[in-house]
Structure formats: structure tokens, C-alpha cells
Protein chains: 2
Amino acid sequence: MFINASSLQIARTRTPKPITPNGELVFGESMTDHMLVVEWTSSKGWDSPKITPYQNFSLDPATGVLQYGFHAFEGMKVFKDEKGKIRLFRPEKNMERMNKSCARMSLPSFDEESVVELLKKFVKLEERFIPSERGFSLYVRPNMIGTQQSLSVGPPNSALLYVIAFPVRPFPTRAMHLEAVEHALRTSPGGAASKKHSPNLAPVVAPAGLQQTLFLFSDIEPVAGKIVQYINEAGTMDLFCTMNIFFALKTKAGQKELVTAPTGSIILEGLMRLCVLELARERLQPQGWCVSERKYTIEELAEAAHEQRVLEVFGTSTAAVIVPIKSIGHTGGLIKCGPRENEEMGPVGRQMRGWIESIQYGDENHPWSVEV
Amino acid sequence: MFINASSLQIARTRTPKPITPNGELVFGESMTDHMLVVEWTSSKGWDSPKITPYQNFSLDPATGVLQYGFHAFEGMKVFKDEKGKIRLFRPEKNMERMNKSCARMSLPSFDEESVVELLKKFVKLEERFIPSERGFSLYVRPNMIGTQQSLSVGPPNSALLYVIAFPVRPFPTRAMHLEAVEHALRTSPGGAASKKHSPNLAPVVAPAGLQQTLFLFSDIEPVAGKIVQYINEAGTMDLFCTMNIFFALKTKAGQKELVTAPTGSIILEGLMRLCVLELARERLQPQGWCVSERKYTIEELAEAAHEQRVLEVFGTSTAAVIVPIKSIGHTGGLIKCGPRENEEMGPVGRQMRGWIESIQYGDENHPWSVEV
């Protein structure tokens, strides 16, 4: 699994691309000049890493990733602070999760520290593509594909780790409506939805259509023994991502509670979910909030909304940070989720977004922000 | 969705490959000389089909199939009969299923008759690679990949349908042991396991390891209201495939019954499963068999085995046709599945295999076999 970061070879492009003006950026379409590639074979392990001009791959039609979905990916953002310094945000967490995804997909593991080192060198080389304007960032996509050239189903004997990047604009903070669905799931218990893996995306597009979806999971409530619908996570086509979901509530006893579903095989282990939980425990708990990772049903939400106990609801994702949810449609009717008529985001979401962004852009000196 | 099969352009290879001797064939490794490709864009629909020399694709690192799993595939076999005629086996069924898979993955639909026409022209051109020896065949892999060059998650605006092929040897008929698992599933209700889609394969490799797996699904038994473990299907690394599972039993009342699980979102809609059901209804039912598509639990199987009512168990797949199962390990112990000590396959499996092969190789004149 060792990757020798110090053996990095860099071949610079001879045709540098023009910089797309911030106002014209479209998600996923203005790639930077270069890409980082590291080849792996079962016989020799990881080859020397290379940075090359961004270019097409030449892939045999029988290649593993084209046949059987041997694939894992990550999404992370890189920021330029006020002094022009480049900052990664918890890159070790992305690499840790990517290694877990790779293990689940029978792809090779890699040493995470070396890849963080390589990411730093890559984004430094692409520095001119990182926007300086607040809210903008460089989206970095590490990807691993199985490259074995056989139609046998089995662990790949060769793979390619590669990293590409493009600048992105901030996501809108317009409050969103979600439609709850129980007929379509990304996967099931024992499945691989907690992993960043291509197959978890494509099957979501058709059932979700172009709307925003809240995924429910029917299961037996262990105490009463009846079937309930647990709220899992959300899939959103507008924002191109899966989101974890947080509910800010008052309990029947009047306690303020911030709730999100526990992770497991059916819920993405979102990095932004982790950040919100950690910040909430550090900064909201002292203000009297109870922070809970627990199963939460759509029936409970509907009841809380009916009793005016829903303060606000928001989704979390790397791409959008905090996405306010204004309402959820389900078979029982429309659940209103809290923000007042004239505001798009409630105070908890606003505070979280502020805290996270001030760490990302280096306003606050914090160990999560890693200077290049 | 229209594809103009008559506009097919053929570019023949200038470097024909040597034919691999039958005895040296390894599954998925000896590709034929050519491939069939048809490009699609959302603006222009399907382009003219082409047969070109087998060659690498040039794919942008941001291509949809490499990022989000926009992919669907089929597996089918082509046979040479005693007179040297080429025979496809129910190709319209593969194309029908592939169209369903594509719809689930937001990939474009295609007219099935045209692609069957193109498949005929393709296998005719590759005739010299189709082995004449009984039991051998040409394995044909139609594949569709999303080729959009963007990291936005949304329906692909371009795609590539392509077909590659390689000769295969018969699969061994050695009776197999399966280990029942409940901790790993290919997907869940609402998921996409019924579809031939890459993501359904890669996540299976790690939990299954190199053993043969019987996938169970825990659910509530509607009458008694208790949780039971339904038998879904099997995944096998040795044979590189997902199999449907059939149980030949005697009921408590002494009735002979052939049972398999009903399809739905959690079970592959196997073509060989369909063939076995249709042949059983036509040829076994008149012999006093009851043919059932119904949910079947591991507890029922264990009880039937204990009471000596299990006659035989077999899996079905395009690659292997009939795979005899000798035993199933699960938390309750070892379930013996019927074949006598000195035989690998029971009489029902042997008969089915014989009927299917005699249709495939044209011994029996039957509408399922399509002459080229």
C-alpha cells in the first residue's frame, strides 16, 4: 500500500488553459491543466506518482471499471484564504473514507499520508485555478478505478488512482423542498451506500428524476414492534449530491435537540455530517442543546411539526456545506420544516455554515484547515 | 431510440488474431477480432452502427461511467450447431432486459430488433471464433456506458453501446457448496439488483471473498408476523456470476414441487431462470410437478432437509446453465441438498440442462434458438 510521494514526476502542460471567470463556472466542467495519476498492480504495488497534463485515458473495452463497477471516489474542496494561502479541509478524513470505500470494492489500499502530500503538490501546481473570491473553491475529485482487462468477476489485479479538479462557485442557500420516497433506496443493510462508490449514484438518478428526494427506510421499531419509516438521507439532483439530514427540534419536554441518523451500511458517512456533529457537541451543547445520533422516523417528524416543535431542518454535504430544507412531502401530507416566511436558513444552519466556512477559509485558526 | 441496422459500417482488422485452442480458453480473456459500437447523443439520437477492430477507447477522466456508474450490460451465448450454423439463444430477451436496465440507470433506450440484427452480423463476422465442440460457445457481452464529460450528477447526454465477445468452455458440473449470508446483499427492495448493472457486481466481491454465497433477506412473514430469512439468489466467484436458485422438494403432503423466489427489485431477472420455469411448466407439470414462484425461507429448507424432503437444489445462469448445489451452510448448521453420494447432479437438473442445451445447439427445433 506504500506510495512514494517523494518520487513524484511532474510533466507540465505546454498549453495552459484560460481561467474561466467566476461568474461563468458550471459544476464539473472547467477542468484544471493537470491530473495526478498513480498506477497499481497486484504484483508490483503502487508505481511512482505522476502529474501529467489533463488527458484522456486509453482503456480496453473489457476494463474492470467499464464492466463490473470497480470504482471508488471522493469529493473535497480546496480554498484560498485572504492572504492567498491554499488550504485543504480535513483531507485525512477523505483519504480515510476513500480507503474504506476501496476495501469494500476490492480495490487496493494506499497510505493516506502520502496521498495527502501528493494532493498538496497537485493543488499547489494548480494554484491559479483556485478562486480568491469568498465562497468559491477548487473542487478536487480523487477517483480509483479497476483497470484489469478481463471479464472474470474477481478482485482487480490492476488499478489507477487519479485526481482531477475544477473551480466551483458557492451553492445557493435557497431553502429546498424534499419529497420522501420509500420505493427507491440507494442500497440496503449490508449494501455499500455508506461508501463513495459510483454505483450509489447512477441508480438514484431515475427514481429521483429532477426532484430532491428524502430516502426513507421501513423497518421494525424494536419497542412497539410495528413498522415505521426511518429517515435516512437525501439525494438531490439540483446539487448533484447525497446529503445527510439534520433536524433541530424541541422535544416534548422542551429540550432543544439536534438529531441526525446514525451511519451504517445504508447511510453515507458524510464528512460534513461529522463536522456538524463535532461542532455541535463543542459549541451548541454548552448552550443547552442535546446532540443525538439516533434513528428518526418520518412519523416523529410529522408529529413534531404538527406540535410546532420543528425549529429547522438542513442537509449537509461537501459540495453545499449546509442546505436548508423548508418542507418535506410524504404520503401523510406536507411537513413544514421551520424557517420563517422571510428567511431561507434558520439560526442553527446559519451558525454552522459560518463556523465551517471561517475554518475552511482560514479566518479561524483551526486544526481542520491544512495549509499547503 | 431508433438504430438503423442497415447503415452498419464494417472496418475489418488487418491483424487477425490466432484462435486460442479450446483447451486453453480462460473466461473473459481471448477477445475476438472486432467490436460493435453505436454512439448516442441526446441531441442526435443513435449514430450509424460500426464494427471496428477490437481497440481501446479514449475516455476523458471525467467520463460518466468512470465517475457515477452509468452502465448496464448483458451476457449471452452464441452456439455453432452440428451443421456449422450459428445460433443465438433468445437474444430478444437479453435486449428486452438490457433496455430495462438502461432505463433504471438513466441510459438511452434502443430498438431491440435492430440490435438483434446487428448482433447477428457481428457474430457472423466473428464466426471463426465460435467453437464447434459441444459445450463450447461464444460469450457475447453487450455493454452500455454513459460517456458525458462532466462531474454533474444527472442523466447522461451521451452514451456508447458496444459489444465484445470471446469463446468460452463449458462450466464444470461439480456440485457446489454455498454459504448463506445475511450481512451482505447486492441491494434492497427499491434498489437495482434486478438489473444487469456493474455496481451490482463489484460490491459482491469483498463480502463473498472467493467462496460461493447464498444471499438471504430478512423480512416479516405476513401471516405469523415473525422475522424470517428468505432465500434470494446466489453469488459465485468461481463461476463469475449471480445465479437464481431452484429447489426441487416434496411438500409435507407428498407433492413434488419446483420452487424459486419471485423476481422483484432484489433478485436478478435471470434469463435461464425464465427458461427453467417455462420448460418446467411445459414438461414437468404434466409429470405431476407443481412449479412455484414463491418466497422461500432458509428455515423451510432446513426443515425439508431434516425431513428428507429435499430432492435437489440447483442454480441457473447464462454462463453455467445449471449448477448443482450439494449443501448450504448457515447459522443453523449444514443443510444437505440431495444429490446422492456418487452423483454430481440430480435428475431434474440433468433433464433441464439436457433440454436447454439441445435447444441451444439446435438438436431440437425450437423457437428459442435463432439461426443467423
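The values are calculated or read from the model by the stated rules, or taken from the named source; none is laboratory data. The shown structure was predicted, so the numbers you read here are calculated from the model rather than taken from an experiment. Cβ placement follows ideal geometry from the backbone for every residue including glycine, while neighbour counts extend to all protein chains displayed. Keep in mind that these areas ignore ligands, DNA and RNA; they rest on the heavy atoms of the full protein, side chains included. Shrake-Rupley method; radii C 1.70, N 1.55, O 1.52, S 1.80 Å.
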In vacuo Debye scattering of the stretch B:229-362, one point per C-alpha: log10 I(q)/I(0) at q = 0.12, 0.13, 0.14 Å⁻¹? -0.43, -0.51, -0.59
Expressed as a rounded percentage, what relative contact order does chain B have, with Cα pairs under 8 Å and six or more residues apart? 17
Going by amide H atoms built from the backbone, whose H comes under 5 Å of the H on B:Phe70, apart from near neighbours? B:Val65, B:Gly146
For the stretch A:88-129, rounded, prolate or oblate, judged on the Cα gyration tensor with a ≥ b ≥ c (square roots of eigenvalues), a/c < 1.5 rounded, else prolate if a/b > b/c? prolate
With a ≥ b ≥ c the root eigenvalues of the C-alpha gyration tensor of the protein assembly as shown, is it rounded (a/c under 1.5), prolate (a/b larger than b/c) or oblate? oblate
Work out which residues of the stretch B:58-72 lose at minimum 50 square angstrom of accessible surface when the other protein chains are put back, relative to the chain isolated, with a 1.4 angstrom probe, and list them by number. B:Leu59, B:Pro61, B:Leu66, B:Gln67, B:Tyr68
Does anyone have the angle between helix A:347-360 and the longest principal axis of chain A? Alpha-carbon axes, 0 to 90°, nearest 10? 20
If one takes the accessible area of chain B alone plus chain A alone and subtracts that of the pair, with a 1.4 Å probe, what total in Å², rounded to the nearest 100, results? 4700
Inter-copy separations for A:Pro262, label at 7 Å along Cα-Cβ, nm, ascending: 3.3
Express the carbon and sulfur contribution to the solvent-accessible surface of the stretch B:288-372 as a percent, rounded to the nearest whole number, probe 1.4 angstrom. 47
The stretch A:245-261 - phi-based ³J(HN,Hα) in whole Hz, Karplus 6.51/-1.76/1.60, Gly and Pro as x: 10, 10, 10, 9, 9, 10, 6, 4, 7, x, 6, 6, 9, 10, 10, 9, 5
Helix-only mean residue ellipticity at 222 nm, chain A, DSSP H runs n ≥ 4 weighted -39,500 (n - 2.57), per residue, nearest 500. What is it? -5500 deg cm²/dmol
Cα shape, the stretch B:48-173, gyration tensor, a/c 1.5 rule: prolate
Sorted from shortest, what are the nm distances separating the label point of B:Glu364 from equivalent points in the other copies, each placed 7 Å from Cα along Cα to C-beta? 7.3
For the stretch B:101-106, just list the computed ³J(HN,Hα) in residue order, Karplus coefficients 6.51, -1.76 and 1.60, θ = phi - 60°, integers in Hz, with x standing in for Gly and Pro. 4, 4, 4, 5, 9, 6
So, for the protein assembly as shown, what is the accessible surface per residue at a probe of 1.4 Å, expressed in square angstrom? 38
Taking H as built 1.01 Å from N, whose amide H comes closer than 5 Å to the amide H of A:His34, not counting residues under 5 places away? A:Tyr54
So what's the gap between the Cα centers of the stretch B:247-313 and the stretch B:329-360, to the nearest angstrom? 12
Just report the Cα centroid separation between the stretch A:34-90 and the stretch A:116-177, whole Å. 7
What distance in nm lies between label points placed 7 Å from Cα along the C-beta direction at B:Ile19 and A:Arg340? 8.3
Find the lysine pairs in the stretch A:34-90 meeting two conditions, Cα atoms under 27 Å apart and a separation of 8 or more places or different chains, and report how many there are. 4
Pull up all non-local amide H partners of B:Ser152: gap of 5 or more, or a different chain, and H-to-H distance under 5 Å with H placed in the peptide plane. none
Name the residue from B:Val163, B:Gly84, B:Ser101 whose Cα lies farthest towards the positive end of the charge dipole of the stretch B:5-170, charges +1 on Cβ of Lys and Arg and -1 on Cβ of Asp and Glu. B:Gly84
Per-copy distances of the A:Leu334 label point, shortest first, in nm (7 angstrom along Cα→Cβ): 6.3
With x for Gly and Pro, the residue-by-residue ³J(HN,Hα) of the stretch A:162-177, computed from phi through the Karplus equation 6.51 cos²θ - 1.76 cosθ + 1.60 at θ = phi - 60° and given in whole Hz, is 9, 10, 10, 8, 7, x, 10, 8, x, 7, x, 9, 5, 5, 10, 9
Computed over the Cα atoms of chain A, the Rg and Dmax in Å are 21.4, 67
